[in-house]
Amino acid sequence: MNTENRGRLTKDGIRIYDPSDSAGMLAAGKLAAQILDAMSEHVFVGQTTAAIDKVITDTVDAAGAKSATIGYKGYQHASCISVNHVVCHGIPSDKKLNDGDIVNIDVTVIVDGWFGDTSRMYVAGKLPRKAERLIQVTHDSLMLGIEAVKPGNTFGDIGHAIQAYVESHRMSVVRDFCGHGLGRVFHAPPNVVHYGRPGTGAVLEPGMFFTIEPMVNLGRAETKTLADDWTAVTRDKSLSAQFEHSVGVTETGVEIFTLSPAGTFHPTYG
Ligand code: MF3
Ligand code: CO
Ligand code: CO
């Protein structure tokens with residue numbers, strides 16, 4: 001069987017993988033999470049995001065894995081590193097981190113053909129109170145979205161859980177970017193949007209693999225992409241945060257492939 005065509009497709013074009021395929025997703029997800037665990041000590045005042053990306057590139061190589069982002073649509077780095085009002089797809093650069101900067105690092109690796117995609121937040125120096133609230137709400141919104149993952153629920157249930165929580169804290173959910181199916185490919189159906197109405201959208205079935213990766217802004221939801229064609233920023237320059245897990249629907253609920261082996265997915269503050 002062609003390895004990219006395993007399982008079957010639902011009427012919505014969503015691939016249903018075999019229960020045994022979760023082992024491959026777990027191996028890929030674990031490596032991506034371990035890489036993020038190791039980044040905690042590399043985020044500090046005066047550090048450049050290019051230096052962080054270099055460590056990630058070397059770690060992926062040393063693990064005998066492949067970066068999914070190098071060469072993806074012309075992207076040239078092993079990570080996206082998004083600072084402060086950068087919403088996502090920040091390009092590693094020689095600009096130094098400042099005290100109080102909040103930083104999302106997003107890594108996707110390929111292990112034996114399986115994709116593991118995860119991101120989380122870090123801080124350089126002392127975390128400002130407003131940023132702390134934003135990071136907390138964003139993290140918790142992802143976990144609430146994951147709690148909605150079980151057979152019979154819908155993608156709208158996931159989006160609704162995230163949106164309702166974020167908006168109850170008077171923050172906004174980015175609509176211009178979404179989560180995605182993944183497995184033997186990086187980006188596959190469905191678009192996993194982080195807003196929605198309960199009971200709408202495709203029904204979740206065991207064997208679906210996808211990411212949930214809410215981006216939350218302190219200000220308005222609108223984004224714009226800079227002239228480099230990658231960097232997405234908040235239009236109003238407000239702070240933005242994001243967390244991402246790769247998950248699978250199981251017979252009884254959900255399996256998170258990208259859990260932090262060190263238990264540091266949620267940043268711990270001094
Ligand atoms: N990892 C990102 C995601 O969550 C995609 C990055 S694509 C890149 O889907 F080319 F910008 F790296
Ligand atoms: Co993703
Ligand atoms: Co990602």
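The values are calculated or read from the model by the stated rules, or taken from the named source; none is laboratory data. Just so it is clear, the model here is predicted, and its values are computed rather than measured. Ideal geometry is used to build each Cβ from the backbone, glycine not excepted, and the neighbour counts take in all protein chains shown.
Among the residues of the range 121-143, are any in contact (Cβ under 8 Å) with a residue 12 or more places away in the chain and in contact with a Cys (Cβ under 9 Å, 6 or more places away or on another chain)? Quick ask: steps written out before the conclusion?
Here is the first cut: in the range 121-143, the residues in contact (Cβ under 8 Å) with a residue 12 or more places away in the chain are 121-128, 130-135, 137-142.
Now narrow it down to the ones that are in contact with a Cys (Cβ under 9 Å, 6 or more places away or on another chain): none.
Scanning the range 121-143 turns up no residue that is in contact (Cβ under 8 Å) with a residue 12 or more places away in the chain and in contact with a Cys (Cβ under 9 Å, 6 or more places away or on another chain).
Just to verify a result, which residue in the range 48-102, among those that are closer than 22 Å to ILE135 by Cβ and among the acidic types (Asp, Glu), is farthest from ligand 2 (Cβ to nearest atom)?
Ranking the qualifying residues of the range 48-102, first place goes to ASP99.
Residues of the range 207-229 being surrounded by 18 or more Cβ atoms within 10 Å (Cβ to Cβ), at negative phi and in a loop (DSSP other than H, G, I, E, B), which ones?
Kept after step one, since they are surrounded by 18 or more Cβ atoms within 10 Å (Cβ to Cβ), are these residues of the range 207-229: 207-218, 221, 223.
Remaining after also requiring at negative phi: 208-218, 221, 223.
Within the range 207-229, MET208, GLU213, PRO214, LEU218, ALA221 qualify.
Would you mention how many residues in the range 71-98 are within 15 Å of ligand 3 (Cβ to nearest atom) and either surrounded by 14 or more Cβ atoms within 10 Å (Cβ to Cβ) or under 20 Å from SER238 (Cα atoms) (or both)? It would help to see each step written out before you state the result.
Here is the first cut: in the range 71-98, the residues within 15 Å of ligand 3 (Cβ to nearest atom) are 72-73, 75, 77-82, 86-92.
When the remaining residues are screened for being either surrounded by 14 or more Cβ atoms within 10 Å (Cβ to Cβ) or under 20 Å from SER238 (Cα atoms) (or both), the result is 75, 77-82, 86-92.
The total comes to 14.
Is there a residue in the range 2-9 that is at pLDDT 95 or above, outside any loop (DSSP other than H, G, I, E, B) and within 30 Å of THR225 (Cα to Cα)?
No, every residue in the range 2-9 fails to be at pLDDT 95 or above, outside any loop (DSSP other than H, G, I, E, B) and within 30 Å of THR225 (Cα to Cα).
This table checks each residue for (1) crowded, with 23+ Cβ neighbours inside 10 Å; (2) part of a helix (DSSP H, G or I); (3) in contact with a strand residue (DSSP E or B) (Cβ under 8 Å, 6 or more places away or on another chain).
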| site | (1), (2), (3) |
| --- | --- |
| VAL55 | no, yes, no |
| VAL60 | yes, yes, yes |
| GLY100 | no, no, yes |
| VAL109 | yes, no, yes |
| ASP117 | yes, no, yes |
| GLN136 | no, yes, no |
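Condition first: away from ligand 1 (no atom under 13 Å from the Cβ) and crowded, with 18+ Cβ neighbours inside 10 Å. Now tell me which residues in the range 172-187 satisfy that.
Within the range 172-187, SER172, VAL173, GLY183, ARG184 meet the criteria.
Please count how many residues of the range 99-120 are more than 12 Å from ligand 3 (Cβ to nearest atom), of a type outside the set (A, V, I, L, M, F, W, C) and touching a residue at least 60 places away in the same chain (Cβ under 8 Å).
Taking the range 99-120 as the starting set, the residues that turn out to be more than 12 Å from ligand 3 (Cβ to nearest atom) are 99-103, 110-114.
So of that shortlist, the ones also of a type outside the set (A, V, I, L, M, F, W, C) come out as 99-101, 112-113.
Now drop any that are not touching a residue at least 60 places away in the same chain (Cβ under 8 Å), which leaves 112-113.
Result for the range 99-120: 2.
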